[in-house]
Amino acid sequence: MFATIKEIQQNIPPAVPFEKFVGREAELQNLHSSLQTSRQVAIVAVAGMGGVGKTELATQYAKQHLQNYRGGVCWLSAQGIDVGIQILRFAQLKFKLIAPDDWELADRLRYCWQNWQPGEVLLVFDDVTDYKKQVQPYLPPESPRFKVLLTTRLEFDKTEEKFMRTVPIQLPETVFSALRKNPEEFIQEMRIAAAVKWYELGDISQAKAAEIAGLTRAEFINALSRYQVDFMQYTAQELAQELANVD
Ligand SMILES: Nc1ncnc2c1ncn2[C@@H]1O[C@H](COP(=O)(O)OP(=O)(O)OP(=O)(O)O)[C@@H](O)[C@H]1O
Ligand SMILES: [Mg+2]
């Protein structure tokens with residue numbers, strides 16, 4: 001049986017009032033379509049520096065789209081107690097689902113997923129710093145009804161000394177005027193444009209793209225918005241890689 005809107009179970013943290021939440025319409029829209037289009041468990045990450053509003057965006061999204069998630073919105077704090085335990089507690093508190101406590105955690109979780117309230121379910125993993133530890137073991141079964149949204153700070157370029165090669169490029173004098181740039185600025189812009197496009201096409205990771213562009217991760221995210229490319233799109237695999245490279 002599907003829950004009516006009033007019956008939808010959720011533990012979304014308090015959000016800023018709707019009228020005080022500013023300028024995120026496009027991101028909200030984007031999040032929704034990314035989460036809705038997937039045929040498997042949809043995993044979408046909101047990434048960015050501390051304090052840019054990742055958690056707030058996730059909170060607003062969950063609140064505003066509550067009616068889409070008849071199976072509930074389960075908010076999990078990756079920095080809190082074991083995420084598996086948080087899921088069990090949610091299932092127990094909201095759906096009275098209790099697996100025998102002499103079972104292994106993985107089996108108890110499976111029991112919860114199998115008996116979860118019908119309808120689409122939104123799981124939010126907030127402030128993920130270690131995908132393999134905090135998310136991967138607790139992902140719901142492969143079913144399009146489960147949607148996973150996570151927020152993460154990622155780390156910004158730890159600049160190591162890198163082996164550099166100089167590649168001479170010959171360009172006609174006339175091209176520089178096209179973008180009103182001197183040769184150094186022109187080449188820099190070319191690097192950024194290429195990195196942004198390849199990143200957008202999904203050919204390269206965000207870390208690699210920033211490297212190609214010669215920018216820090218934060219600067220690259222700015223460049224993405226300058227080129228109107230969304231910085232929030234990650235596949236699960238990409239994200240696992242990104243986070244694996246952090247430390
Ligand atoms: N679009 C917005 N409109 C109004 N207030 C916002 C908006 N986005 C964020 N805020 C406020 O800014 C503060 C920081 O936002 P938030 O906690 O979401 O950042 P964060 O990116 O999750 O940071 P961290 O990486 O530290 O978790 C919060 O008080 C939040 O309510
Ligand atoms: Mg946060």
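Numbers for the structure displayed
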item	result
Given charges at beta-carbon only (K, R positive; D, E negative), |dipole| of region 173-229 in Debye	140 debye
Amide H within-cut-off set for Leu150, under 5 Å, with H built and near neighbours excluded	Val44, Ala45, Val46, Phe125
Dipole of the chain [Lys/Arg +1, Asp/Glu -1 at C-beta], most positive-end residue of Phe176, Gly80, Thr37	Thr37
Dipole magnitude of the chain, debye to nearest 20 (Cβ charges: Lys/Arg +1, Asp/Glu -1, about Cα centre)	660 debye
Assigned charges on the beta-carbon of Lys, Arg, Asp, Glu; region 1-140 dipole about Cα centre (debye)	240 debye
Set of lysines with alpha-carbon distance to Lys6 below 17 Å, sequence-local pairs under 8 removed	Lys63, Lys94
Candidate lysines for bridging to Lys208, where Cα separation is under 20 Å - those fewer than 8 sequence places away on the same chain excluded	Lys158, Lys162, Lys197
Antiparallel DSSP beta bridges within the chain, as percent of all bridges there, nearest 5	0 percent
Rounded to 10°, Cα long-axis angle of helix 105-115 versus longest principal axis of the chain	80 degrees
Given 13 as the ceiling on other Cβ atoms within 10 Å, longest exposed-site-free region of the chain for trypsin sites (Lys or Arg not before Pro) in DSSP loops	181-247
Unit charges at the beta carbon, dipole of region 173-229: most positive-side option, Ser225, Leu201, Ile212	Ser225
Backbone HN-Hα couplings from phi across region 176-187 [Karplus 6.51/-1.76/1.60, Hz, Gly and Pro as x]	4, 5, 4, 9, 6, 10, 7, x, 5, 5, 4, 5
Calculated from backbone phi, Karplus (6.51, -1.76, 1.60) coupling profile of region 70-85 in Hz, x at Gly/Pro	5, x, x, 10, 10, 8, 10, 9, 5, 8, x, 5, 2, 4, x, 5
Computed [θ] at 222 nm, helices only, for the chain once each DSSP H run of length n ≥ 4 contributes -39500 (n - 2.57)	-12500 deg cm²/dmol
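Rule-based calculations on the coordinates, nothing more; no lab input. All values derive from a computational prediction rather than experimental measurement. Every residue, glycine as well, gets a Cβ built from its backbone with ideal geometry; the counts of neighbours run over all protein chains shown.
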